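Structure first, commentary second.
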Amino acid sequence: MSDSFRRFEILLPRRFNDGRAVPDEFIADTLLELRTQFGAISSETQTILGQWQQEDQLYRDELVRLFLDVPDTVDNLQFFIDYKETLKTRFDQRDIWITTYLIEAL
């Protein structure tokens with residue numbers, strides 16, 4: 001088993017692209033699924049504000065940040081690659097921003 005860990009950070013929208021509020025259950029279900037898969041998850045209570053533009057359309061985001069520290073394995077990386085598609089469908093988004101980087105836990 002790997003001694004290296006990797007952090008995955010996920011930005012989940014509080015609003016759909018058309019401005020409707022995302023049901024709280026969508027975020028709660030995501031937290032539960034990830035905790036069940038990996039045993040632990042953290043999230044921030046503050047809202048992260050973002051803006052992005054695609055062609056002539058400006059989008060404004062209200063986001064929740066989730067983060068997980070998991071063993072750095074190919075299987076875990078593939079899980080998040082696949083799970084991103086689930087999240088894009090659940091939150092009706094063109095994309096879901098997931099970042100990852102190696103960490104050293106003391």
- Task: With respect to Phe38, determine if the residue is aromatic (Phe, Trp, Tyr), over 12 Å from the mean Cα position of the chain (by Cα) and surrounded by 13 or more Cβ atoms within 10 Å (Cβ to Cβ).
- Result: yes
- Message: Here's a check for you: in region 61-106, which residue that is free of Cβ contacts under 8 Å to residues at least 12 places away in the same chain and of a type in the set (D, E, K, R) is surrounded by the most Cβ atoms within 10 Å (Cβ to Cβ)?
- Response: Lys88
- Among residues belonging to region 41-55 that are farther than 19 Å from Val22 by Cα and at pLDDT below 95, point out the one that is surrounded by the most Cβ atoms within 10 Å (Cβ to Cβ). Gln54
- Just checking, which of Glu25, Glu9 is surrounded by fewer than 10 Cβ atoms within 10 Å (Cβ to Cβ), within 16 Å of the chain's Cα centre (by Cα) and at pLDDT 95 or above? Glu25
- All but one of (1) more than 24 Å from Asn17 (Cα to Cα); (2) among the aliphatic types (A, V, I, L, M); (3) surrounded by fewer than 10 Cβ atoms within 10 Å (Cβ to Cβ) hold for Leu58; which doesn't? (1)
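The values are calculated or read from the model by the stated rules, or taken from the named source; none is laboratory data. Predicted model, so just to flag it, every value in this text is computed and none were measured. Backbone-built Cβ (ideal geometry, glycine too); neighbour counts: all protein chains shown.
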